[in-house]
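Q: This is the structure, below, for whatever I ask next.
The values are calculated or read from the model by the stated rules, or taken from the named source; none is laboratory data. Note that this is a predicted model, so its numbers are computed, not measured. Positions of Cβ are backbone-derived with ideal geometry, glycine not excepted, and every protein chain shown enters the neighbour counts. For the accessible areas, the whole protein counts, side chains as well, though only heavy atoms, and no ligand, DNA or RNA atoms are used. Shrake-Rupley method; radii C 1.70, N 1.55, O 1.52, S 1.80 Å.
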Amino acid sequence: MIYSDKVISHFKKPHNQGVLKNASTVGEVGNPSCGDVMKIYLKIENNIIKDVKFETLGCAAAIAVSSVLTDMVKGKSIDDALKITRKQIVDDLGGLPEPKIHCSMLGIEALHEAIKKYEKK
Ligand code: FES
């Protein structure tokens, strides 16, 4: 499997990894095909994502996606965060090998799950 340099650097040094204490909401999703799991924590104030962290038990691609996604959403409004697409993430990473494209869904799904829960409160 050939990963771009950017995927490898995010995998080796993921940004925003860990648990966010006092998170406003947490989203968790699993990928039924591989069993990998991603959790995303958001701290939201006045509709702005002030802080974000993730925990991912998964492949290198899933970790790189989580890292890039958390960088992207930090400081954005909820609405803008919801507009981030899988393609944007994959492009930002300089592409993903075809069998790993599904891994990028995990990040988006966890983000949407967290926001959905927040909005229900
Ligand atoms: Fe499971 Fe990548 S192989 S998320």
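Q: Calculate the dipole size of the chain relative to its Cα centre from +1 charges on Lys and Arg beta carbons and -1 charges on Asp and Glu beta carbons; express the result in debye to the nearest 20.
A: Computed charge dipole of the chain: roughly 300 debye.
Q: Any idea how far apart Met105 and Glu45 come out in nm if each label point goes 7 Å out from Cα toward Cβ?
A: Rounded to a tenth, the inter-label distance reads 3.6 nm.
Q: Next question. Taking the chain as the reference, fit the longest principal axis to its C-alpha atoms, fit the long axis of helix 60-73 to the helix C-alpha atoms, and give the angle between the two in degrees, 0 to 90, nearest 10.
A: Once rounded, one gets 40 degrees.
Q: Another question, if that's okay. Please calculate how many Å² of accessible area the chain carries per residue, with a 1.4 Å probe and no DNA, RNA or ligand atoms counted.
A: Per residue, the chain has an accessible area of 53 Å².
Q: Here's a follow-up. Please give the length that would be gained between Gln88 and Cys34 if that part of the chain were fully extended, namely 0.36 nm times their separation in residues minus their C-alpha to C-alpha distance (nm, one decimal).
A: Result for the pair: 17.2 nm of gain on full extension.
Q: How far, in nm, would the chain grow between Lys117 and Leu57 when pulled straight, counting 0.36 nm per residue and subtracting the alpha carbon separation?
A: In short, 19.4 nm is gained.
Q: Answer rounded, prolate or oblate for the chain, using the Cα gyration tensor with square roots of eigenvalues a ≥ b ≥ c: rounded when a/c is under 1.5, else prolate when a/b is larger than b/c, else oblate.
A: It comes out prolate by the Cα gyration axes.
Q: Please report the carbon-and-sulfur percent of the accessible area for the stretch 14-121; probe 1.4 Å, protein heavy atoms only, DNA, RNA and ligands left out.
A: It is 50 percent, rounded to a whole number.
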